[in-house]
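Report on the structure given below.
Rule-based calculations on the coordinates, nothing more; no lab input. All of these numbers come straight from a predicted model, not from anything done at the bench. Cβ coordinates were reconstructed from backbone atoms using ideal geometry, including for glycine residues, and neighbour counts include every protein chain displayed.
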Amino acid sequence: MKKFKLKIEPEALCDIQEITALYNEQLSGLGERFQKTLIQQINSLNKDPYIYTIRYKEIRCVATTKFPYMAHFYINN
């Protein structure tokens, strides 16, 4: 099975940092839980990103568990 390389755009990294800070303001450690959950979801994409359907144009989405966010991605062959 082919493994895919992941690239997180700088804008997405900034969004993740902002959301993490907001969650940490609400409850100590919550931001770290959010980041850990999101990273696990994103890392799962390199195994089989095709299991996620195209939502719009060529963009697919993976939802985070326990947090109301989605990681949007595309597959660049």
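How far, in nm, would the chain grow between Lys2 and Tyr69 when pulled straight, counting 0.36 nm per residue and subtracting the alpha carbon separation? Please list the in-between numbers first.
Numbers: separation 67, 0.36 × 67 = 24.12 nm, distance 2.70 nm.
This chain segment gains 21.4 nm when fully extended.
Counting each pair of different Cα atoms once, what's the Kirkwood radius of region 31-77 in Å, rounded to one decimal? If you can, show how the numbers build up before the last one.
Numbers: mean 1/r = 0.0896 Å⁻¹.
Radius from the Kirkwood sum: 11.2 Å.
List the residues whose amide H sits under 5 Å from the amide H of Ile8, counting only those 5 or more places along or on another chain, with H placed 1.01 Å from N in the peptide plane.
Those lying under 5 Å, H to H, from Ile8: there are none.
Once the Cβ-Cβ distance between Ile19 and Glu58 is put in as r, and R0 is 35 Å, what FRET efficiency do you end up with, to the nearest 0.05? Walk me through the numbers before you get to the answer.
Working: r = 25 Å, r/R0 = 0.71.
Calculated transfer efficiency: 0.90.
Compute the angle between helix 30-43 and the longest alpha-carbon principal axis of the chain, please, reported from 0 to 90 degrees and rounded to the nearest 10.
That works out to roughly 10 degrees.
Rounded to the nearest 500, what is the chain's calculated 222 nm mean residue ellipticity when only DSSP H runs of at least 4 contribute -39500 (n - 2.57) each, over all residues?
On the way: 2 runs with 31 residues, N = 77.
The per-residue figure over the chain is -13500 deg cm²/dmol.
Using Cα pairs under 8 angstrom and six or more residues apart, how large is the relative contact order of the chain, in percent? If you can, show how the numbers build up before the last one.
Values: 67 pairs, mean separation 18.6, N = 77.
Taking the mean separation of contacting Cα pairs over the length of the chain, I get 24 percent.
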